[in-house]
Each structure stands twice: as structure tokens, then as C-alpha cells.
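Everything below concerns the one structure shown next.
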Amino acid sequence: MPVILARIDQRLIHGITVNQWNKVLHPKRFMVIDDEVSQNEMVKASMRMSKPTGTGMSIINEEKAITNFKNGKYDSHSVFLIVKEPHYILDLINAGIEIPKVNVGALFEEGNRKPYTKRVALDEKELSDLKVIADKGIPVFFEYTPDDENEVSLEEVLKSKGEN
């Protein structure tokens, strides 16, 4: 199973993902899946500059990611997958890509999003996608950094908000 962790983080690649998570996960490849960012060469170049030495970095669209996974391109890699929105992870799962667990790191309170934790706000579709992922038996947890005292499950977050 190439994917070791899928993270939802609106900022994608930044100090916490390439430093703190890298120390815990030791991925061979950082993979950003985003249809818009994958088309922006300037953003991609700045993200690549921050990757840790000895790791690869792919910044690709969803279609290419699914094709590459299905063709076994990453079978010998340990991949830290990072996306802005949960639908990318759900689409991968529905395409048959194995995702062992989903970390929800940071989504800003904007638009129709409402806060669920100190660093995560979700709209109805994002929340629904996370519930579908969890219903498939894939652990979904909220943890900003791997050094946080404890990770909080989706179920615990929903209970704290009086939702199910």
C-alpha cells in the first residue's frame, strides 16, 4: 500500500507538513493532488523548493493520480498524500486506491464552512465526504501536528458539536 497517510490541509505544503509530519512518516514521496494547483507552475516550483532532501514530490491532478496509482507507479514508495478538500480522497477510494487513514489538519472558516475544531471548519459537502470515508471503515482524525497531545476522531468531533 503506497499511501501511508492522506492529509487534508488547505495550505498543502508548508513547514508543518514537510518538517513535523515528515519526521513521523518518513515518506519517500509527498503527493499533492489538486486540479488547480497542478496547473500553476509558479506555485508548484515554490512547493518543490520546500521538500525535504531525499524525498520526491508530485503535484498532480486527480485524474493523473488515479492513473499513476492504478499503473503501479508508486508501489515501491511510501506516499504522504496532501489535498485541500476531502472529495479528492473519496474519489481515490472510490477508484480503488487504498487509503489507510485520513488526517484533517487545517481548513479555514470561510464561505459556508462552520468551525468544528480550532483549526478546521467544514461545509456540508466536506463533512458529508468525511462521513462517507469513515463509513467505509477508514479512520478519519483531526490533528494539526503529530506532536498534538491526542488525535480526535470524526465521531468525537461530531459528538462535541451535537451532530451525528
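As for region 26-43, it holds at least one residue that is among the hydroxyl-bearing types (Ser, Thr, Tyr), assigned to a helix (DSSP H, G or I) and more than 17 Å from PHE141 (Cα to Cα).
Going residue by residue through region 30-44, is there one that turns out to be more than 16 Å from THR145 (Cα to Cα), surrounded by 14 or more Cβ atoms within 10 Å (Cβ to Cβ) and polar (S, T, N, Q)? Yes: one or more hits. Looking at region 58-76, can you tell me whether even one residue there is open to solvent by less than 10 Å² (accessible area, probe 1.4 Å) and within 13 Å of LEU5 (Cβ to Cβ)? No. Identify, by number, the condition in (1) assigned to a loop (DSSP other than H, G, I, E, B); (2) within 16 Å of LEU5 (Cβ to Cβ); (3) open to solvent by less than 90 Å² (accessible area, probe 1.4 Å); (4) not small (Gly, Ala, Ser) that LEU130 doesn't meet. Of the numbered conditions (1) assigned to a loop (DSSP other than H, G, I, E, B); (2) within 16 Å of LEU5 (Cβ to Cβ); (3) open to solvent by less than 90 Å² (accessible area, probe 1.4 Å); (4) not small (Gly, Ala, Ser), the odd one out for LEU130 is (1).
This table checks each residue for (1) in a strand (DSSP E or B); (2) open to solvent by 60 Å² or more (accessible area, probe 1.4 Å); (3) touching a residue at least 40 places away in the same chain (Cβ under 8 Å); (4) among the basic types (Lys, Arg).
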site	(1), (2), (3), (4)
GLN20	no, no, yes, no
VAL24	no, yes, yes, no
ARG48	no, yes, no, yes
LYS51	no, yes, no, yes
ILE89	no, no, yes, no
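Could you grab me the full set of residues in region 133-145 that are open to solvent by 30 Å² or more (accessible area, probe 1.4 Å) and within 23 Å of GLN20 (Cβ to Cβ)? Steps first, answer last, please.
Keep residues of region 133-145 that are open to solvent by 30 Å² or more (accessible area, probe 1.4 Å), which gives 134-137, 139, 144.
Matches in region 133-145: PRO139, TYR144.
The values are calculated or read from the model by the stated rules, or taken from the named source; none is laboratory data. Because the structure is predicted, anything quoted here is derived from the model rather than measured. Every residue, glycine among them, receives a Cβ derived from its backbone with ideal geometry; neighbour counts consider all protein chains shown. Side chains included, ligands, DNA and RNA excluded: accessible areas come from the protein's heavy atoms. Shrake-Rupley method; radii C 1.70, N 1.55, O 1.52, S 1.80 Å.
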